[in-house]
Structure formats: C-alpha cells, structure tokens
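This report refers to the structure that appears directly beneath it.
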Amino acid sequence: MTKRISLTQYLIEQQRGEAQIPAQLRLLIEVVARACKRIAISVNKGALGEVLGTAGSENVQGEVQKKLDIIANEVLIEANEWGGHLAGMASEEMDDMHAVPNRYPQGEYLLLFDPLDGSSNIDVNVSIGTIFSVLKHRGGDVTNDSFLQAGTEQVCAGYCVYGPQTTLVLTVGQGVVMFTLDREQGSWVMTTESVQIPEDTKEFAINMSNMRHWDAPVKRYIDECLEGKEGVRGKDFNMRWIASMVADVHRILTRGGVFMYPWDKREPSKPGKLRLMYEANPMSFLVEQAGGAATNGLQRIMEIEPKGLHERVSVILGSKNEVERVTAYHREAQQAK
Ligand SMILES: O=P(O)(O)OC[C@H]1O[C@](O)(COP(=O)(O)O)[C@@H](O)[C@@H]1O
Ligand SMILES: [Mg+2]
Ligand SMILES: [Mg+2]
C-alpha cells in the first residue's frame, strides 16, 4: 500500500526540516485548512443548505455579496481568531482589518484572504475557491497599514479549490504541494509533492469579451496566439476561461498556461480588476514557487509596494516564457511612448 502523507505530517516535516517553519505558522495553516473543510461542506450543500444567491449587501469595493462570500468570511474569522497564532486578519469582504479580540492571545502573524473566489460561479455549480496569504506582523498595534507589505514578505500562501475534488494547494517557500480532501477520513492527503509549471504553453486564459478595451500589448499577444500555426508563433493555441481565478490558476499549476486579467479602458483609473493582497500576491507566490512568473506587465507583482488594503492590480501569470513575452511587449510599448 502506498504511504499516505497527511497535511499535518507535511507541516511537521517543514517545521523540522530546511524550512524550519515555526509551530505557530504550522498551527495557523492547519486552522485555515480546517476552515476550508467547513466551507467545502457549505459549498457542497448548495441549494439544500440555502447558501446560494445574493445576500443583498455590497462589499467595500461595491460588489454585490453572495451568501457564500459572507459565510466563508465568517468561517475563516471564527476559526482563526482564538488560536493565538494571529495578530489580525484582512479580507476582500471587510472594509478594514479585523484585529484579534483582546480576550484571546495575540500571535505573530497576519492572515489575508479572499474567502470565496469566483463568486459569479457559485450559483451555476462551477469550481470556486478560497485564497489566502500569511505575513509576519512587524509589531506594535495592528492597523490596516500593518498589512501593507510587498508579496515578497509572504511566509505562506495557498488556496483551496472547491471543484469535482476539494484540493488544498500550499507554499511555505519550499516549492508547491497539493493535498486532496479525503471525505471519508476527513483528512488532507498529499497528492502532488512538487508542482512544476512547464515554461512553455499553448493555452491562454483571458476574458475575451473585454478585447475592445485592452491595451495594445495585450491585443498584440492575443492576436498572435489566435493566428496559430500560420502566424509568428508558429503554433495553435487553445483558450480556457473559468472566471474563477482560483480554478484558472489551478489548471495552470497542473498543466501550464498563461492567465491574464490586464488593465483595460473600461475604468482607466483602476489598475486592474483583481486584488493585490488577496488574489495577485498569494497566486504569484505559488506560481513563482512552481517555476512560473507573475507580473503586472511591467513589474514583478510580488515587488509592488502596496498602498491600500483593497488595491487592485493588472495580472499576467503562469508559464515563464509566455509571461516574459507579454511583459516584454508591455515594456516595448512603454519605451516607445
Ligand atoms: O467575470 P470576469 O470579469 O471574467 O472576472 C472573473 C474574475 O473575477 C473574479 O471572480 C474575482 O474574484 P471574486 O469572485 O473573489 O470577486 C476572479 O476569480 C476571476 O478571475
Ligand atoms: Mg476573488
Ligand atoms: Mg471573493
């Protein structure tokens, strides 16, 4: 019988081994993973659990909140606030950060999350997920500013995708590992030990309906892909767009590809749609740890110094050579200005 490695065993090995992750970080990851199990149960119940549909409220970014956005946010807060490993939490669904109440011990870490990613897919039974990122608290009172650290400061990032399987994907800076939820046992079992994104790809992911709003470098890249074998790329490309970043990134970590949610002319003052702290940074950490790359077209995403908790960013990530190509097109256009 093949030996099964549980999430707990993996994390204890990371504590003892080269990574030497502190016990507090190990416990934090276990608690997040447990919260994801609870969210997975709600997701699976669907209409039977009365978790579908909108909640009738808006988040700080003016987006309509789904019931599951709120449920997942509450599950993550409730699970994490009493354990003594956190100083505070920040979420896509909360205006300001949530400090750990005084009645509980204060920990050393800051947890950031997109509790439910892919909200438009909840009601249509398509893969959705939870994305999270962990930073070290630099001391003093916890405020919104405590969270404004570049992605390079992350000590852990991961996501859980609620799809045909429930999969937890994790990095503590020592590569990327995947765990699948064994529902009978209730445990996370390692199913991929070392995730590697192929450097080249023939698959891109972008919302094509926004094409008329794109900037020239994005248009150039996609046009060349669409020309296929007859064009400058000399090969045919395939397209996928799940509209859940978590599921699109999961595909890229599994078989390669390039994912783009670029700046566009619809709202020129917004740098992009996706959120730096809850989506772009954690996914960039995972992608880089798996041998891929992530930029905003001009700069490595993880080196951006955040100025606001809910800051948005243009995202290009995935197979290294493709990300470098799209980034080069942006830099050329910038220089020509
Ligand atoms: O509907 P669009 O514009 O294609 O946007 C899809 C993108 O929006 C998101 O759903 C935004 O995330 P939320 O669901 O957490 O708001 C991404 O997961 C996805 O890549
Ligand atoms: Mg999201
Ligand atoms: Mg969300």
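The values are calculated or read from the model by the stated rules, or taken from the named source; none is laboratory data. Since the structure is predicted, the reported quantities are computational estimates derived from the model, not experimental observations. When we count neighbours, we look across all protein chains shown, and the Cβ atoms used for this are built from the backbone with ideal geometry, even at glycine. These accessible areas exclude ligands, DNA and RNA; they are computed on the full protein's heavy atoms, side chains included. Shrake-Rupley method; radii C 1.70, N 1.55, O 1.52, S 1.80 Å.
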> Are there any pairs with C-beta distances below 9 angstrom linking a residue in the stretch 1-19 that is open to solvent by 100 Å² or more (accessible area, probe 1.4 Å) to a residue that is outside any loop (DSSP other than H, G, I, E, B), with the two at least 6 apart or on different chains, and if so which?
Replying inline: R4/D182; R4/S187; R4/V189; R4/M190
> For the stretch 4-61, which residues satisfy the criterion of being more than 13 Å from C156 (Cα to Cα), in a helix (DSSP H, G or I) and of a type in the set (V, I, T)?
Replying inline: T8, I12, V31, I39, I41, V43
> Any idea which residue in the stretch 232-262 is most open to solvent (accessible area, probe 1.4 Å), counting only those that are within 13 Å of ligand 1 (Cβ to nearest atom) and in a loop (DSSP other than H, G, I, E, B)?
Replying inline: R240
> Since H98 meets every condition but one in (1) closer than 15 Å to A72 by Cβ; (2) away from ligand 2 (no atom under 16 Å from the Cβ); (3) open to solvent by less than 40 Å² (accessible area, probe 1.4 Å), which condition does it not meet?
Replying inline: (3)
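Given the condition more than 18 Å from L112 (Cβ to Cβ) and not in a helix (DSSP H, G or I), answer yes or no: does some residue in the stretch 274-282 qualify?
Checked the stretch 274-282: no residue is more than 18 Å from L112 (Cβ to Cβ) and not in a helix (DSSP H, G or I).
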> In the stretch 263-279, which residue that is acidic (D, E) and more than 25 Å from M89 (Cβ to Cβ) is farthest from ligand 3 (Cβ to nearest atom)?
Replying inline: D264
> Out of (1) open to solvent by 20 Å² or more (accessible area, probe 1.4 Å); (2) closer than 24 Å to M178 by Cβ, the odd one out for N121 is which?
Replying inline: (1)
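Given the options T180, T152, name the one that is closer than 28 Å to H98 by Cβ and surrounded by fewer than 20 Cβ atoms within 10 Å (Cβ to Cβ).
Just one listed residue meets the conditions, T152.
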> Restricting attention to the stretch 116-174, which residues are without any contact (Cβ under 8 Å) to a residue 24 or more places away in the chain and touching a strand residue (DSSP E or B) at 6+ places or on another chain (Cβ under 6 Å)?
Replying inline: E153, Q165
>> It is to be established whether one or more residues within the stretch 267-287 are farther than 23 Å from C156 by Cβ, in the same structural domain as H310 (by TED's automatic domain parsing) and at pLDDT 95 or above.
In response: yes
> Listed residues Q335, Q289; which is under 20 Å from V172 (Cβ atoms), away from ligand 2 (no atom under 16 Å from the Cβ) and open to solvent by 40 Å² or more (accessible area, probe 1.4 Å)?
Replying inline: Q289
>> Please go through the stretch 80-132 and give me each residue that is under 25 Å from E58 (Cβ atoms), part of a loop (DSSP other than H, G, I, E, B) and either more than 15 Å from ligand 3 (Cβ to nearest atom) or of a type in the set (V, I, T) (or both), ordered by number.
In response: E81, D96, M97, I122, V124, N125, V126
>> Give me the residue from the stretch 293-309 that is open to solvent by 10 Å² or more (accessible area, probe 1.4 Å) and small (G, A, S) and, out of that set, farthest from the chain's Cα centre (by Cα).
In response: G308
> For the stretch 20-63, how many residues meet the condition of being without any contact (Cβ under 8 Å) to a residue 40 or more places away in the chain, open to solvent by 40 Å² or more (accessible area, probe 1.4 Å) and within 17 Å of W188 (Cα to Cα)?
Replying inline: 2
